[in-house]
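In what follows, a structure is listed as structure tokens, so that the remarks can point back to it.
The values are calculated or read from the model by the stated rules, or taken from the named source; none is laboratory data. Because the structure is a prediction, the values reported are computed rather than measured. When we count neighbours, we look across all protein chains shown, and the Cβ atoms used for this are built from the backbone with ideal geometry, even at glycine. These accessible areas exclude ligands, DNA and RNA; they are computed on the full protein's heavy atoms, side chains included. Shrake-Rupley method; radii C 1.70, N 1.55, O 1.52, S 1.80 Å.
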Amino acid sequence: MTVIRGATTIKQDTKEEIQSAVKELLDQIVSCNHLKRDEILSIVFSSTSDIHSYYPAKAAREAGFEGSSLFSAMEPEIEGSLKLCIRVMLFVERNIKTVPVYLRGAKNLRKDITQRMNIALDGPSGSGKSTVAKQLAKDYDILYLDTGAMYRACALKVLHAAIDVEDESKICDLMRTLDLNIEYENGMQKTILDGEDVSEKIREPHVSMAASTVSKFPCVRKKMVEKQREIASKMSCVLDGRDIGTCVLPDAQFKFYLTASPEVRAKRRYDELTAKGFSVNFEQLKEEIILRDKQDSSREMSPLKQADDAVLIDSSDMTIDEVVALIKRKLQEKI
Ligand code: DC
């Protein structure tokens, strides 16, 4: 038997707020823990005593969690505790490694504090994540894990096998034979696919779109997320991606969401690719970036999304150094 914990908060004690917060919380727990709804035996809620307007258990039933037994309780008032907070425990029969989910500013008060420092850096393509992450990793002497490279490697394998990037069933079969290793040389990540260093090949423009497409399939994500968690559990690192703060490491100590306008992001990608010798068309790049944003944010599983407790940074009018300095200030404030 496994118990998965989570919590969320609401702004006002209204039926609608409770319904939407409960739905979001349960959907995230299901997605991050790769659960099937029918394997959830029981869901137990406890809410702070300032919540009266509706029962979270009823909201769960309305959100489609009909097969589980549902229970709502009220917590006694505890001085200094979060206000308007709904906590939940999901009971699942099989034994799994759990990912607790804390949304809308709710906190895991029972966290086993570790000395590890994990920084989650999410955002759309071209937002400057990788440059910022590399700099932070260097300055703090911690590891940089480029999770996008891992999805790119999966895409490259699919392209090499001449499989249609939309063919989920063939891709899932292929993923069973995936041999992907992340290695480091002088602090630089090397992506090794089937024994070959593909760190350069995965940067080719046609791989970007394919990576965005294959990364929507649960069989691909599950495998990558497991690897990312394994690496992050062993050492301090800064991870950049789309779902680090929301799904891979929902408990990360530090979370940032970097964004910038599509024009600025396309210009950055254009400069980066032309500097590497690729011949690219700016307008086409911009269109691809917009399309990739749409695809990455609208997929069902772990879409690109700002975690509620992530600090939002719009870098449209900022230099990389300014972004790094801002992140360091925020880290310092929290430490
Ligand atoms: O960051 P990038 O451009 O190298 O990522 C390539 C694609 O991989 C991106 O369009 C979506 C996917 N991706 C993802 O789904 N989750 C991540 N954590 C990182 C990347």
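General remarks:
- Residue check, residue 40 within 16 Å of the ligand (Cβ to nearest atom), under 24 Å from the mean Cα position of the chain (by Cα) and either among the aliphatic types (A, V, I, L, M) or modelled with pLDDT of 95 or more (or both): no
- Odd one out for residue 205 among (1) within 12 Å of the ligand (Cβ to nearest atom); (2) more than 14 Å from residue 143 (Cβ to Cβ); (3) open to solvent by less than 10 Å² (accessible area, probe 1.4 Å); (4) not hydroxyl-bearing (Ser, Thr, Tyr): (3)
- Taken residue by residue, the stretch 100-117 has at least one member that is modelled with pLDDT under 90, away from the ligand (no atom under 16 Å from the Cβ), among the small types (Gly, Ala, Ser) and open to solvent by less than 30 Å² (accessible area, probe 1.4 Å).
- Candidate set from the stretch 171-202 (those that are among the small types (Gly, Ala, Ser) and over 23 Å from the mean Cα position of the chain (by Cα)); member that is nearest to the ligand (Cβ to nearest atom): 187
- Output for the stretch 266-311, where each listed residue is under 19 Å from the mean Cα position of the chain (by Cα), away from the ligand (no atom under 12 Å from the Cβ) and open to solvent by less than 60 Å² (accessible area, probe 1.4 Å): 307, 309, 310, 311
- Counted residues, the stretch 128-170 - those being more than 9 Å from the ligand (Cβ to nearest atom), of a type outside the set (Asp, Glu) and at negative phi: 24
- Taking the stretch 32-50 as the range and being touching a helix residue (DSSP H, G or I) at 6+ places or on another chain (Cβ under 9 Å) and part of a loop (DSSP other than H, G, I, E, B) as the test, the residues that pass are 34, 35, 36.
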